Amino acid sequence: MERPFTFINSAMSADGKISTKKRKQVKISGKTDFDRVDELRASSDAVMVGIGTVLADDPSLTVKSEERRRRRVSEGKEENPARIVVDSKARIPLTADVFKKGVGKRIVVVSKSAPSDKVEALKAKADVIVAGGEEVDLPVMSGELKKRGIDRLMVEGGATLNWAMTRAGLVDEISVFVGNLIIGGKTAPTFMDGEGISERSEAIELDLEKCERMDEGVVLTWRVRSSGSK
Ligand SMILES: NC(=O)C1=CN([C@@H]2O[C@H](COP(=O)(O)OP(=O)(O)OC[C@H]3O[C@@H](n4cnc5c(N)ncnc54)[C@H](O)[C@@H]3O)[C@@H](O)[C@H]2O)C=CC1
Ligand SMILES: Nc1nc(O)c(N)c(N[C@@H]2O[C@H](COP(=O)(O)O)[C@@H](O)[C@H]2O)n1
């Protein structure tokens with residue numbers, strides 16, 4: 001099934017953590033990197049996060065630069081890319097910032113196990129896609145997004161969704177800002193959590209595309225070697 005070109009962008013500490021042991025958001029990126037991320041959002045058709053990120057950070061996922069929002073409008077697009085939350089059980093609060101802030105489409109992807117009253121309530125705020133039985137079926141979701149005209153999809157975490165999307169062969173490219181700090185803590189989320197591998201042969205292979213020094217850190221861009229067919 002056809003799917004969007006999909007890339008993950010994240011910011012991690014030098015020891016691979018993306019937030020604290022209390023799952024509290026930390027500023028890892030510097031000013032230049034936040035600007036790079038804003039451009040990535042502005043040039044995408046959609047920005048996606050998992051429900052864990054919404055519950056932890058309550059992000060708005062909007063394009064911050066007014067100039068970039070204007071550019072999108074001059075190209076016939078909405079000010080912000082579609083904002084997508086992967087949320088099997090429809091746990092997203094109706095008051096989440098992703099609904100409150102900025103103009104543009106919202107999509108919540110739930111599974112059949114989501115309570116129907118909450119799904120109905122969400123329909124007033126977002127386009128609701130149902131994919132999968134217990135948890136969201138990510139390949140089905142990707143196909144549905146493509147059908148809705150999403151050709152370029154940016155995934156902004158968190159740890160569980162990054163792993164699940166990559167393991168499912170749905171990710172083409174990964175960029176990660178590695179900042180000049182150590183967070184530590186064995187329970188702090190890492191760039192990719194999920195189930196992980198037991199053997200080297202199960203590893204997801206990458207090809208390094210670019211390595212640039214930025215702010216007080218570095219941005220690494222990788223191609224995923226054997227991602228699923230588009
Ligand atoms: N530094 C950075 O760039 C970023 C850091 N974060 C941090 O990441 C943490 C949140 O990460 P997580 O708790 O791992 O949550 P997450 O944002 O990865 O969401 C995971 C949830 O998605 C749902 N889900 C639905 N279908 C799924 C499927 N098929 N496979 C996997 N998950 C599915 C599940 O409920 C799962 O618990 C927060 O602490 C946040 O601050 C989040 C985004 C970016
Ligand atoms: N790129 C990047 N660098 C950091 O240092 C970060 N802490 C994050 N966090 C991500 O940004 C989201 C916030 O988005 P809004 O500003 O609310 O639009 C947050 O949820 C993380 O996904 N990213």
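The values are calculated or read from the model by the stated rules, or taken from the named source; none is laboratory data. Treat the numbers as computed from the prediction; the structure is a model and nothing was measured. Every residue, glycine as well, gets a Cβ built from its backbone with ideal geometry; the counts of neighbours run over all protein chains shown. The accessibility values were calculated without ligands, DNA or RNA, using every heavy atom of the protein model including side chains. Shrake-Rupley method; radii C 1.70, N 1.55, O 1.52, S 1.80 Å.
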Quote the Stokes-Einstein diffusion coefficient, in whole µm² s⁻¹, for the chain, based on the Kirkwood radius over alpha carbon pairs, a temperature of 10 °C and a viscosity of 1.306 mPa s. 88
Most fluctuating of Ala46, Ala11, Ala56 in the GNM of the chain (C-alpha, under 10 Å) is Ala56
With all protein chains present, segment 5-224 has a carbon and sulfur share of its accessible area (1.4 Å probe) in percent of 50
Once normalised by the length of the chain, the mean sequence separation of its alpha carbon contacts under 8 Å that are 6 or more apart gives a contact order in percent of 31
With contacts defined as alpha carbon pairs under 8 Å and 6 or more residues apart, what's the relative contact order of segment 111-230 in percent? 24
Just going by the charge dipole of the chain, with Lys and Arg at +1 and Asp and Glu at -1 on Cβ, which of Gly185, Met48, Val140 is farthest out on the positive end? Met48
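So how much slack lies between Val26 and Glu195, counting 0.36 nm per residue of separation and subtracting their Cα-Cα distance, in nm?
Here the answer is 58.4 nm.
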Averaged per residue, what accessible surface does the chain expose to a 1.4 Å probe, in Å²? 50
